[in-house]
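Colleague: Quick one: the structure is below, questions incoming.
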Amino acid sequence: MFDSGVGGLSVLSALVRRLPHEDFVYLGDTARLPYGSKPAAMVRGFAFELAAELVDRGVKAIVVACNSAATASLPDLASAAPVPVWGVVEPGVSAALAAHTGGPVGVLGTHRTIAAGSYQAHLAAAGIDAWARACPLFVPIVEEGVADGEIAELVARHYLADRPADLRTVILGCTHYPALVPTLRTVLGPAVALIDGANATAEVVADGLARLGLARPAAPAPGRVLQLVTGDLESYRHVAAILGGPAGDVLPLRLPLTPRKAWMARAGVAA
Ligand code: DGL
């Protein structure tokens, strides 16, 4: 799995709960965060590079636990990679459709994700109006470990001030945003359903592994979780602990990453 930072830990936690016997390798690319404010081609390149790093480490499947990277690289990454690849957008949309009780659906995400328009397109296909809002300050707030407090609340009020009056469903279209749920709940009130696609993603991955014959049989001991981080280890550990990320080793991952692979070149990712 990979994300630009600690955000994907919300997805990792759901996967560890759903698939406790599997081993996980999580790449947090904190040295190059935020992805959501960078050009699509650059984020696509990061996604291919991190996927190649995971393939080199022998993973049997990849979860792009980052909406910005998923919208910039899928479905091309899934067609090119030598292992199955799953993203977070479709599971998030499914969870939103299951919870939808009428009216528009809000989509909160990074600039990258909102500009990609994937959530809006899926909702339009289901005949639902989207109210999409880029919230670029949310990611640094979560990475700073201040997701719960007055700074976060002020910023949330700013982004949500002009939301439609009949908004009752809001997709958290960035894997960092589940950390802001208490704040968003304060600003939006108890009647608005906040949709975190992490559990739905874990279901998709569990079904996919089973279908492809890749699931690890149940074992008495839980699987291992290894977290590899391109930026500062101490701040990562600090924020991961605040967010309740899974236990396991946290080690450095040095940039630049592995040489580019032929399957990346075939997908048109520049060397
Ligand atoms: N957590 C990521 C996402 O889901 C990326 C945030 C960022 O680096 O801007 O979009």
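Colleague: Mind listing just one residue for me: the one in the stretch 1-14 that is more than 19 Å from Val55 (Cα to Cα) and open to solvent by less than 10 Å² (accessible area, probe 1.4 Å) and, of those, nearest to the ligand (Cβ to nearest atom)? Outline the logic, then answer.
Modeller: Looking only at the stretch 1-14, we keep the residues that are more than 19 Å from Val55 (Cα to Cα), and these are 5-7, 9-11, 13-14.
When the remaining residues are screened for being open to solvent by less than 10 Å² (accessible area, probe 1.4 Å), the result is 5-7, 9, 11, 14.
Numbers: Gly5: 6, Val6: 8, Gly7: 3, Leu9: 10, Val11: 9, Ala14: 14 Å.
The extreme case among them is Gly7.
Colleague: Also: Select from the stretch 80-94 the residues that are in contact with a Gly (Cβ under 9 Å, 6 or more places away or on another chain), under 13 Å from Met1 (Cα atoms) and away from the ligand (no atom under 16 Å from the Cβ) and list them in ascending order.
Modeller: Pro84
Colleague: Please specify each residue of the stretch 182-202 satisfying the condition of being touching a Lys or Arg at 6+ places or on another chain (Cβ under 7 Å) and assigned to a helix (DSSP H, G or I).
Modeller: Within the stretch 182-202, Val187, Ala202 qualify.
Colleague: In the stretch 178-216, which residue that is without any contact (Cβ under 8 Å) to a residue 40 or more places away in the chain and in contact with an Asp or Glu (Cβ under 7 Å, 6 or more places away or on another chain) is surrounded by the most Cβ atoms within 10 Å (Cβ to Cβ)?
Modeller: Restricting to residues being without any contact (Cβ under 8 Å) to a residue 40 or more places away in the chain and in contact with an Asp or Glu (Cβ under 7 Å, 6 or more places away or on another chain), the top hit is Thr183.
Colleague: Among (1) modelled with pLDDT of 95 or more; (2) over 18 Å from the mean Cα position of the chain (by Cα), there is one condition Asp148 misses while meeting the rest; what is its number?
Modeller: (1)
Colleague: Would you pick out the residues in the stretch 57-74 that are under 17 Å from Val269 (Cα atoms) and open to solvent by 30 Å² or more (accessible area, probe 1.4 Å)?
Modeller: Leu74
Colleague: On to the next question. Tell me which of these Ala115 doesn't satisfy, since it passes every other one: (1) over 15 Å from the mean Cα position of the chain (by Cα); (2) within 13 Å of the ligand (Cβ to nearest atom); (3) at pLDDT below 95.
Modeller: (3)
Colleague: Moving on to the next point. Suppose the filter is within 14 Å of the ligand (Cβ to nearest atom) and either open to solvent by less than 30 Å² (accessible area, probe 1.4 Å) or charged (D, E, K, R) (or both); does Leu77 pass it?
Modeller: On the way: within 14 Å of the ligand (Cβ to nearest atom): no; either open to solvent by less than 30 Å² (accessible area, probe 1.4 Å) or charged (D, E, K, R) (or both): yes.
Judged against the criteria, Leu77 is not a match.
Colleague: In the stretch 116-126, what count of residues is obtained for those that are surrounded by fewer than 16 Cβ atoms within 10 Å (Cβ to Cβ) and at negative phi? Talk me through it step by step, then tell me what you get.
Modeller: Within the stretch 116-126, the first condition is being surrounded by fewer than 16 Cβ atoms within 10 Å (Cβ to Cβ), and the residues that meet it are 117, 121, 124-126.
Next, from what is left, pick out any that are at negative phi: 121, 124-126.
Selection size over the stretch 116-126: 4.
Colleague: Okay, moving on. Pairs please, first residue from the stretch 227-244 and within 20 Å of Val16 (Cβ to Cβ), second anywhere and at pLDDT 95 or above and of a type in the set (S, T, N, Q), Cβ atoms under 8 Å, 6+ apart in sequence or on different chains.
Modeller: Val229/Thr30; Tyr236/Thr30; Tyr236/Gln227; Ala240/Gln227; Gly244/Ser13
Colleague: Could I ask something else about it? Please enumerate the residues belonging to the stretch 17-43 that are more than 8 Å from the ligand (Cβ to nearest atom), open to solvent by 40 Å² or more (accessible area, probe 1.4 Å) and of a type outside the set (D, E, K, R).
Modeller: Across the stretch 17-43, the qualifying residues are Pro20, His21, Ala31, Pro39, Ala40, Ala41, Met42.
Colleague: If you take the residues in the stretch 217-264 that are exposed (fewer than 13 other Cβ atoms within 10 Å of the Cβ), assigned to a loop (DSSP other than H, G, I, E, B) and small (Gly, Ala, Ser), which one is nearest to the chain's Cα centre (by Cα)?
Modeller: Gly244
Colleague: What single numbered condition from (1) open to solvent by 40 Å² or more (accessible area, probe 1.4 Å); (2) within 23 Å of Asp29 (Cβ to Cβ) fails to hold for Asp129?
Modeller: (2) is the only condition that Asp129 fails.
Colleague: I'd like to know if the stretch 160-167 contains one or more residues that are open to solvent by less than 20 Å² (accessible area, probe 1.4 Å) and either within 15 Å of the ligand (Cβ to nearest atom) or within 18 Å of Trp86 (Cβ to Cβ) (or both). Steps first, answer last, please.
Modeller: Initial filter on the stretch 160-167 (open to solvent by less than 20 Å² (accessible area, probe 1.4 Å)): 160, 167.
Among the residues that remain, those that are also either within 15 Å of the ligand (Cβ to nearest atom) or within 18 Å of Trp86 (Cβ to Cβ) (or both) are: none.
Among the residues of the stretch 160-167, not one is open to solvent by less than 20 Å² (accessible area, probe 1.4 Å) and either within 15 Å of the ligand (Cβ to nearest atom) or within 18 Å of Trp86 (Cβ to Cβ) (or both), which makes the answer no.
The values are calculated or read from the model by the stated rules, or taken from the named source; none is laboratory data. Here the structure is a predicted model, which means the values were calculated and not measured. Heads up, the Cβs are rebuilt from the backbone with ideal geometry, glycines too, and the neighbour counts pull from every protein chain shown. In case anyone asks, the SASA skips ligands and DNA or RNA and just uses the protein heavy atoms, side chains included. Shrake-Rupley method; radii C 1.70, N 1.55, O 1.52, S 1.80 Å.
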